[in-house]
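Input: a single structure, listed below in C-alpha cells.
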Amino acid sequence: DTARNHTGTHLLHAALRKILGNHVRQAGSLVTPDRLRFDFSHIVGLSSEELSEVQTLVNQKVRDNLTIRVKESSYAQAVQEGALAFFGDKYGTTVRVVEMADKEPFSKEVCGGTHASATGEVGSVFVLGESSIGGGMRRIESVTGRAAEQLFVERSSKLESLANRLQAPLSDIETRLDSFMSEVEHLK
C-alpha cells in the first residue's frame, strides 16, 4: 500500500506538470499505507476541471500499466538525462532514478523510496481534495488501491442510503433533493 501511494505521488507530480505547466515543483509529500499527501508550487487553486483532468490523466497512466524502472547513476548524469530532482537535497555521488514509461517517459525523478513495478499495480487514484498551504504552495490529498476501493464502496453506500431516504431511484436523487429544497423554501 505504501509503494502504491508513493508511486501515486510521482504520477500526480507528472500529471500536474503536464496540465498546469513545468513551473510545478514538488515541495514535499507524506506517504502512508492509507493515503498520500503531495505538496507543490502553484500560485492559484486548481479549478474543478483541472483537478478532474489531473485525476483522469493519472488514472489513464495507471491503466496504461507503464513499466517502472529503477536505476542508479550519478546525480549529474540523472539530471542531464532529464530526471527531476528538487528540494535542494544533498545527494550522494550515486542516486536512484525512478522512471515510469512506455515509449516516452511520463515520470522520471531522483527518488530513494519504494515503488510498484508497474503503474497498473497502483489500482485507482482518487483525489480527495486540493488546498492552499501558504503563498504559492498547494496540497493534494489522495488515496490509491485498496483505500480508493474502500472509499468508493463507502460513498456508493451513502448514495444508496440517501436515495432510500428520499424515496427515489439513485439516478433521480438530485432532482428529488431539488424538489425538497424548493418545497422547504416555499414553506418558509
Taking the stretch 108-127 as the region of interest, how many residues are touching a residue at least 24 places away in the same chain (Cβ under 8 Å) and either farther than 11 Å from residue 8 by Cβ or in a loop (DSSP other than H, G, I, E, B) (or both)? 13
Please determine whether any residue of the stretch 7-30 is surrounded by 13 or more Cβ atoms within 10 Å (Cβ to Cβ), at pLDDT below 95, in contact with a strand residue (DSSP E or B) (Cβ under 6 Å, 6 or more places away or on another chain) and among the polar types (S, T, N, Q). yes
For residues in the stretch 89-107 being in a loop (DSSP other than H, G, I, E, B) and not aromatic (Phe, Trp, Tyr), which is nearest to residue 19 (Cα to Cα)? 104
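Table: residues versus (1) of a type in the set (D, E, K, R); (2) within 15 Å of the chain's Cα centre (by Cα); (3) open to solvent by less than 30 Å² (accessible area, probe 1.4 Å).
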| residue | (1), (2), (3) |
| --- | --- |
| 75 | no, no, no |
| 94 | no, no, no |
| 101 | no, no, yes |
| 107 | no, yes, yes |
| 117 | no, no, no |
| 120 | no, yes, no |
| 129 | no, yes, yes |
| 144 | no, yes, yes |
| 163 | no, no, yes |
Could you go through the stretch 171-180 and let me know if any residue there is outside any helix (DSSP H, G or I) and small (Gly, Ala, Ser). no
Condition broken by residue 113, with the remaining ones in (1) modelled with pLDDT of 95 or more; (2) touching a helix residue (DSSP H, G or I) at 6+ places or on another chain (Cβ under 9 Å); (3) not polar (S, T, N, Q) satisfied: (1)
So for the stretch 167-179 (the condition being under 30 Å from residue 39 (Cα atoms), surrounded by 11 or more Cβ atoms within 10 Å (Cβ to Cβ) and out of contact with any His (no Cβ under 9 Å at 6 or more places or on another chain)), does at least one residue qualify? no
Output the residue which, of all residues in the stretch 128-170 that are part of a helix (DSSP H, G or I) and hydroxyl-bearing (Ser, Thr, Tyr), is farthest from residue 20 (Cα to Cα). 161
Residue 52 at pLDDT below 95 and within 12 Å of the chain's Cα centre (by Cα): no
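The values are calculated or read from the model by the stated rules, or taken from the named source; none is laboratory data. Since this is a predicted model, take the numbers as computed values, not measurements. We place every Cβ from the backbone using ideal geometry, glycine too, and count neighbours over all the protein chains shown. What goes into the accessible areas is simple: the full protein's heavy atoms, side chains included, and nothing from ligands, DNA or RNA. Shrake-Rupley method; radii C 1.70, N 1.55, O 1.52, S 1.80 Å.
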